[in-house]
Amino acid sequence: MQIDVIMLISGLSEREMAGRLESLRSYASPGTEVRLVTTRNAPPSVESLAEMELAAPGILERVVQSEREGADAVIIWGGHDPSMLAARGLVGVPVLAPGSASMHVASMLAEGFSLIVQLPEVTGLAWRQVRDYGLEDRCVGVYPVGIPVLELGKPGSYSAVKETVVESIEDGADAVCFGCMALNNHVDRLAEELRDEYPGAVIVHPGRTTVRAAEMLVGLGLTHSRLSYPRPPKQVKFPE
């Protein structure tokens, strides 16, 4: 099984990209090949709707290319699920993204979940995402850490991330989701430390959840409904 993970930002160093690939491969089951692929004209980071729109052509082009190169499933590596719905109309293999996967898993496991994001400026975007999935009544709140994407995954950000997670649990969240993929770096430590402090709280690892969800769909022979996501009526041409 081959899963392509699309990195839609350009602001990471080669060392950071290598670390991301190592982590992604650790999430997968034995026998699953995970490739980390990049897009053309990617913004350094995605922290606004405008940057999501700028990233879209490269994402869609890369999804099509991944299917041609034999990917059995494609994951768009962005917590706000950029271009996921549009991409499903272009290919036949499952297209997933961490926000959708995490929130739906959380809603299966808990009555209410929180969504942790990077900056206050993206809370409106995150709420729109929650509403689009029909999960508004299950979401206790969207909680920004207040740290930009390219700094959020660093060890020095951990205390602020934990404070934000704890605030959401004390506000009534029984499960916690993460709307920025830089937060993957902190999730295992959070789960371990909060196990005793807030027993029973579910910490949903976005990376591991999405990779395993992709494996599950491929294993079941399932993909998105062509009734829900019809192919475009004419060929989509990407910018040169």
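Scanning segment 61-87 for residues being assigned to a helix (DSSP H, G or I) and closer than 19 Å to SER45 by Cβ gives a total of 2. In segment 92-144, the residue that is most open to solvent (accessible area, probe 1.4 Å) out of those that are among the aliphatic types (A, V, I, L, M) and more than 17 Å from the chain's Cα centre (by Cα) is MET108. For segment 212-228, a residue qualifies if it is under 23 Å from LEU90 (Cβ atoms) and either within 13 Å of the chain's Cα centre (by Cα) or assigned to a loop (DSSP other than H, G, I, E, B) (or both), and the qualifying residues are ALA213, ALA214, GLY221, LEU222, THR223, HIS224, SER225, ARG226, LEU227, SER228.
Checking each residue in segment 215-240 for being out of contact with any helix residue (DSSP H, G or I) (no Cβ under 7 Å at 6 or more places or on another chain) and among the polar types (S, T, N, Q) picks out SER225, SER228, GLN235.
Looking at this structure, is ARG195 farther than 21 Å from GLU16 by Cα, exposed (fewer than 14 other Cβ atoms within 10 Å of the Cβ) and not aromatic (Phe, Trp, Tyr)? Criteria met by ARG195.
When GLY172, GLY156 are checked against the criterion of being more than 21 Å from LEU96 (Cβ to Cβ), at pLDDT 95 or above and surrounded by fewer than 16 Cβ atoms within 10 Å (Cβ to Cβ), a single residue qualifies: GLY172.
When segment 199-211 is filtered for residues that are under 20 Å from VAL117 (Cβ atoms) and over 12 Å from the mean Cα position of the chain (by Cα), the ones remaining, listed by number, are ALA201, VAL202, ILE203. What is the one condition in (1) modelled with pLDDT of 95 or more; (2) more than 24 Å from ALA28 (Cα to Cα); (3) not in a loop (DSSP other than H, G, I, E, B) that THR209 does not satisfy? That leaves (2) as the condition not met. Residues being closer than 21 Å to GLU170 by Cα and not in a loop (DSSP other than H, G, I, E, B) are represented in segment 95-104 by at least one member.
Return the only residue of ALA71, ALA55, ALA28 being of a type in the set (Gly, Ala, Ser) and free of Cβ contacts under 8 Å to residues at least 60 places away in the same chain. Checking each option against the conditions leaves just ALA55.
The values are calculated or read from the model by the stated rules, or taken from the named source; none is laboratory data. Bear in mind that the values here come from a model prediction, so they are computed numbers and not experimental data. Don't worry about glycine lacking a Cβ; one is built from the backbone with ideal geometry, like all the others, and counts go over all protein chains shown. Side chains are part of the model used for accessible areas, which takes the heavy atoms of the whole protein and leaves out ligands, DNA and RNA. Shrake-Rupley method; radii C 1.70, N 1.55, O 1.52, S 1.80 Å.
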